[in-house]
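Quick notes on the structure that follows.
Derivation of every value follows stated rules applied to the coordinates shown; laboratory data play no part. This is a predicted model, so every value here is computed, not measured. All Cβ positions, glycine included, derive from the backbone under ideal geometry; neighbour counts span all protein chains shown.
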Amino acid sequence: MGFFQDMLSMFKKRELALIASNKEADGVYTFLFEKDKDLNWQPGQYGLFTITHKKVKNPTKPFSIASAPAENAIRLTMRISDAPSEFKQAMLELKPGMTVKMSGPVGAFSLQDNSPSLLIAGGIGITPIRAIVKQIESEGNRNGRHIQLLYLDSQKSFPYREELDVIADRASIRITYLDSRDGLNAEIVKFAGAHKDSGKYFVAGPKGMVDSIADYLQKNQIPKSNIKKDAFFGY
């Protein structure tokens, strides 16, 4: 979507009813919501979600949509600590049939062409990338384009790992699981050396990590125009 489409999308608010929730990994939870028939999005986009069943401080937060449009549901996955914020505590209180409000979707963190693509996820930054690879699985890997996923998680919990392995096999996507920045940098250098200026780079995760990786890419002669970022903030 372009800027004006994003603005129009933000003005439209809709209620989403919870279907189910589950624990993906230690401290990581998924919430699955019903999808309106007229709600469409590009894999990798995000929405603004608002708590409505109780009053909380800062009731509206942005979250990537972790599901692909082909799944016909809105999936949110987030880290929730043992001492959660008011917003996340309210999310844990949701029961099937209860609702949140959503504005959007917005954002340009999505594949646009058949260029060789390196997807880099840090921790919970896997959420928009899960949507991207899930849609590739649904549509088929057009023209056999080269897609590689580097999944960095220092805690080695790797939410969605089993599902991602199945998707990768079906969609011819190479996945490398990493627990150190040195290992990540080595894989980036390999990809950049193989694809030069034709490669596209998609980096999602905590803001500090995303900015650091983007800087590293540019230091390795990757054009800034070939890098897309989706930086997450803690709340």
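To check you understand DSSP bridge types, tell me what percent of the beta bridges within the chain (both residues inside) are antiparallel, rounded to 5. Walk me through the intermediate numbers first.
Working: 28 of 50 bridges.
The antiparallel fraction comes to roughly 55 percent.
Please compute the net charge surrounding THR77, taking Lys and Arg as +1 and Asp and Glu as -1 over other residues with Cβ under 10 Å from its Cβ. Provide the component values of the computation, followed by the final result.
Values: positive: ARG75, ARG79, ARG130; negative: GLU24.
For residues surrounding THR77, the net value is +2.
Evaluate E = 1/(1 + (r/R0)^6) for ASP26 and LYS196, where r is the Cβ-Cβ distance and R0 equals 45 Å; express this FRET efficiency to the nearest 0.05.
Working: r = 40 Å, r/R0 = 0.89.
Between ASP26 and LYS196 the formula returns 0.65.
Given labels modelled 7 Å from the Cα in the Cβ direction, how far is it in nm from THR52 to SER154?
Between THR52 and SER154, the simple spin-label model gives 3.9 nm.
Taking the alpha-carbon distance from LYS156 and a cut-off under 20 Å, which aspartates and glutamates remain once sequence neighbours fewer than 8 residues away in the same chain are dropped?
Excluding near neighbours in sequence, the set is GLU24, ASP26, ASP82, ASP165, ASP179, ASP182, GLU187.
For the chain, what is the mean residue ellipticity at 222 nm derived from helices alone (per DSSP H run of n ≥ 4: -39500 (n - 2.57); sum divided by total residues; nearest 500 deg cm²/dmol)? Before the final figure, lay out the partial values.
Values: 6 runs with 69 residues, N = 235.
Mean residue ellipticity, 222 nm, calculated: -9000 deg cm²/dmol.
Would you mind calculating the gained length between SER138 and SER225 on full extension (0.36 nm times residue separation, minus the Cα-Cα distance), in nm to one decimal?
Numbers: separation 87, 0.36 × 87 = 31.32 nm, distance 2.78 nm.
Net length gain for the segment: 28.5 nm.
Would you tally the net charge around ASP38, using a Cβ to Cβ cut-off of less than 15 Å, leaving ASP38 out, and scoring K and R as +1, D and E as -1? Don't skip to the answer; put the middle values down first.
On the way: positive: LYS12, LYS13, ARG14, LYS35, LYS37; negative: GLU15, GLU34, ASP36.
Result for the neighbourhood of ASP38: +2.
Across 5 Å bins from the origin, how do the percents of Cα pairs in the chain run, short distances first?
1, 6, 14, 19, 20, 17, 12, 7, 3, 1, 0
Let me check I've understood the local charge: for PHE87, count other residues with C-beta under 9 angstrom from its C-beta, Lys and Arg +1, Asp and Glu -1. What total comes out? Don't jump to the answer; show the numbers that get you there.
Details: positive: LYS57, LYS61, LYS88; negative: GLU86.
It works out to a net charge of +2.
Going by a ≥ b ≥ c, the root eigenvalues of the Cα gyration tensor, does region 3-106 fall in the rounded group (a/c under 1.5), the prolate group (a/b larger than b/c) or the oblate group? Can you show the working numbers first?
Numbers: a/c = 1.66, a/b = 1.39, b/c = 1.20.
Prolate is the answer for region 3-106, as a/c is 1.5 or above and a/b outweighs b/c.
How big is the dipole moment of the chain about its Cα centre under a simple scheme where the beta carbon of each Lys and Arg is +1, that of each Asp and Glu is -1, and everything else is neutral? Debye, nearest 20, please.
Values: 32 positive and 26 negative charges, 108 e Å.
With only Lys, Arg, Asp and Glu charged at Cβ, the dipole is about 520 debye.
Could you order peptides 144-156, 128-140, 38-50 by the average number of other Cβ atoms within 10 Å of their residues, highest first? The partial results should precede the final answer.
On the way: 144-156: 17.8, 128-140: 21.6, 38-50: 19.9.
Descending packing order for the listed peptides: 128-140, 38-50, 144-156.
Rounded to whole Å and sorted largest first, list the principal axis extents of the Cα atoms in region 117-232.
35, 34, 21
Take the residue pairs LYS12/LYS228; LYS37/LYS196; LYS12/LYS95 and return only those whose Cα atoms are more than 32 Å apart.
Details: LYS12/LYS228 26 Å; LYS37/LYS196 41 Å; LYS12/LYS95 24 Å.
Violating the 32 Å Cα-Cα cut-off are LYS37/LYS196.
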